[in-house]
Amino acid sequence: MVLEATMIVVDNSEASRNGDYVPSRWEAQSDAVNLIFSSKTNANPESSVGLMSMGGSTPEILTTLTTDIGKVLDGLHRTKIKGSSHFVTGINVAALALKHRQNKSQKQRIIIFNCSPVEEDEKNLVKLAKKMKKTNISIDIVAFGELSDETLKKLRAFNENSQSAEGSHLEAVQPSGNLLSDALITTPILGGDGSSGGAGAGSSGGDAGGSGGNDFEFGVDPSVDPELALALRMSFEEEKARQEKDKKAKEAAEGKTELEGIAEGDEKQPLLGDQGEGSGSKDRKKDDDDKMDTA
């Protein structure tokens with residue numbers, strides 16, 4: 001079980017008001033933060049989690065590194081949706097908070113949610129990514145919402161240059177009827193294998209390190225919190241079943257389209273002959289006559 005200090009950075013910009021996630025982008029983030037906190041602290045009770053926002057006029061630390069979920073929830077409750085996001089500044093502030101962690105044996109990780117355009121240019125993002133890699137800080141990015149190709153290109157460039165032995169991940173989660181937290185369960189960020197992709201998620205890089213390399217499925221020890229472990233397992237199975245159902249429905253639809261263009265070889269042949277006999281009766285009678293002549 002990896003001992004980690006994790007700073008979660010939420011996007012509280014005006015873009016988080018959008019309702020393309022249930023019930024809104026902001027509420028979806030809040031639910032996911034709760035899940036991440038439980039996963040990290042259950043994987044190792046000595047791991048700590050902090051919270052900060054990157055929207056408004058400037059990023060703000062809402063909760064310093066803690067093992068108390070109440071403090072994190074209080075920070076979420078106090079957060080106001082406003083302004084635009086500050087991606088680079090948010091990561092720098094989170095890195096500074098990790099630097100001042102009390103337990104220096106904790107490995108450092110930043111999990112940042114982004115649902116708004118990244119204003120900084122790609123050159124500065126790559127420079128920041130290399131700096132984070134040099135200071136041994138792993139960074140997981142959860143990109144959700146209808147992001148532009150340009151923003152996704154910047155995030156991929158950042159992710160590629162921040163790869164380290166501990167693993168940094170980029171998960172692009174497309175809008176769907178499922179919760180954002182449900183999509184994250186199957187990703188390496190929470191210890192999943194990323195095979196089902198979670199509601200159209202696309203992951204890139206960093207599989208070598210997983211989400212920290214703990215020995216428990218989804219990062220939760222069933223003996224410590226059996227209810228959470230069961231809930232995560234059920235949610236994973238439901239998501240997997242939904243994707244299998246969608247896959248079968250798609251294959252069935254494609255198969256039906258192909259069959260519609262294929263004509264049966266004898267479909268134009270009448271079922272009954274002129275005398276009312278079956279269409280194949282004449283051929284059978286002829287075969288019988290040939291057999292009698294031979295005899």
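The values are calculated or read from the model by the stated rules, or taken from the named source; none is laboratory data. Keep in mind that this is a model prediction, so the values were computed, not measured. Because the Cβ atoms are built from the backbone with ideal geometry, glycine has one as well, and the counts that use them run over all protein chains shown. Ligands, DNA and RNA are excluded from the accessible area calculation, which covers all protein heavy atoms including side chains. Shrake-Rupley method; radii C 1.70, N 1.55, O 1.52, S 1.80 Å.
What is the sum of charges, Lys and Arg at +1 and Asp and Glu at -1, for the other residues whose Cβ falls under 11 Å from the Cβ of GLN108?
Working: positive: LYS99, ARG101, LYS104, LYS107, ARG109; negative: GLU4, GLU166.
Computed value for this residue: +3.
Of the listed pairs LYS40/LYS127; LYS80/LYS153; LYS134/LYS154; LYS80/LYS154; LYS104/LYS127; LYS40/LYS107, which have alpha-carbon separations greater than 22 Å here? Don't jump to the answer; show the numbers that get you there.
Values: LYS40/LYS127 29 Å; LYS80/LYS153 29 Å; LYS134/LYS154 20 Å; LYS80/LYS154 27 Å; LYS104/LYS127 25 Å; LYS40/LYS107 12 Å.
Those over the limit are LYS40/LYS127; LYS80/LYS153; LYS80/LYS154; LYS104/LYS127.
Each residue of the stretch 98-105 in turn: what ³J(HN,Hα) in whole Hz from Karplus with 6.51, -1.76, 1.60 and θ = phi - 60°, glycine and Pro shown as x?
Here the 3J(HN,Hα) series is 5, 4, 9, 5, 6, 8, 6, 7 Hz.
Quick check: pseudo-label points 7 Å beyond the Cα along Cα→Cβ at THR58 and ARG78, how many nm apart are they?
Between THR58 and ARG78, the simple spin-label model gives 1.6 nm.
Would you kindly state how much longer the chain becomes between LYS71 and GLU27 on full extension, computed as 0.36 nm times their sequence separation minus their alpha carbon distance, in nm to one decimal?
14.1 nm
Give a residue-ordered list of calculated ³J(HN,Hα) values for the stretch 129-136 (Karplus: 6.51 cos²θ - 1.76 cosθ + 1.60, θ = phi - 60°; whole Hz; x for Gly, Pro).
4, 5, 5, 5, 5, 5, 8, 6
Probe of 1.4 angstrom, ligands and nucleic acids ignored: what's the accessible area per residue over the stretch 25-125, in square angstrom?
Heavy-atom SASA per residue in the stretch 25-125 reads 43 Å².
Taking 0.36 nm per intervening residue step and subtracting the Cα-Cα distance, what contour gain separates LYS245 from GLU160 on full extension?
Numbers: separation 85, 0.36 × 85 = 30.60 nm, distance 3.33 nm.
Separation in residues times 0.36 nm, less the Cα-Cα distance, equals 27.3 nm.
What is the set of long-range amide H partners of LEU3 at a cut-off below 5 Å, with H atoms built 1.01 Å from backbone N?
So LEU3 has HN proximity to LYS107.
Under 13 Å from the Cβ of VAL72, count the other residues' Cβ atoms, weight Lys and Arg +1, Asp and Glu -1, and hand me the total.
In short, 0.
Counting only other residues whose beta carbon sits under 12 Å from that of ARG242, what net charge do I get with K and R as +1, D and E as -1? List each step's numbers first, then the result.
Numbers: positive: LYS240, LYS245, LYS247, LYS248; negative: ASP182, GLU237, GLU238, GLU239, GLU244, ASP246.
Once positives and negatives cancel, what remains is -2.
Considering only protein heavy atoms and a probe of 1.4 Å, how much of the accessible area of the stretch 11-153 is carbon and sulfur, as a whole percent?
50 percent
Please list, in chain and number order, the residues 5+ apart from ILE111 or on another chain whose amide H is under 5 Å from its amide H, with Hs placed from the backbone.
Amide H neighbours of ILE111: MET7, ILE8, VAL9, ASP140.
Modelled label-to-label distance, LYS104 and LYS134, 7 Å Cα→beta-carbon offset: nm?
Between LYS104 and LYS134, the label points sit 2.0 nm apart.
What list of ³J(HN,Hα) couplings, whole Hz, do you get for the stretch 139-144 from phi and the Karplus terms 6.51, -1.76, 1.60, once you set θ to phi - 60° and write x for glycine and proline?
Karplus values, whole Hz, x for Gly and Pro: 10, 9, 10, 10, 9, 9.
Which of rounded, prolate, oblate describes the stretch 48-191, given a ≥ b ≥ c as roots of the alpha-carbon gyration tensor eigenvalues and a/c under 1.5 marking rounded, otherwise prolate only if a/b is larger than b/c?
rounded
Normalised by the residues of the stretch 1-150, what does the relative contact order come to in percent, with Cα pairs under 8 Å and at least six apart?
Once divided by the residue count of the stretch 1-150, the mean separation gives 30 percent.
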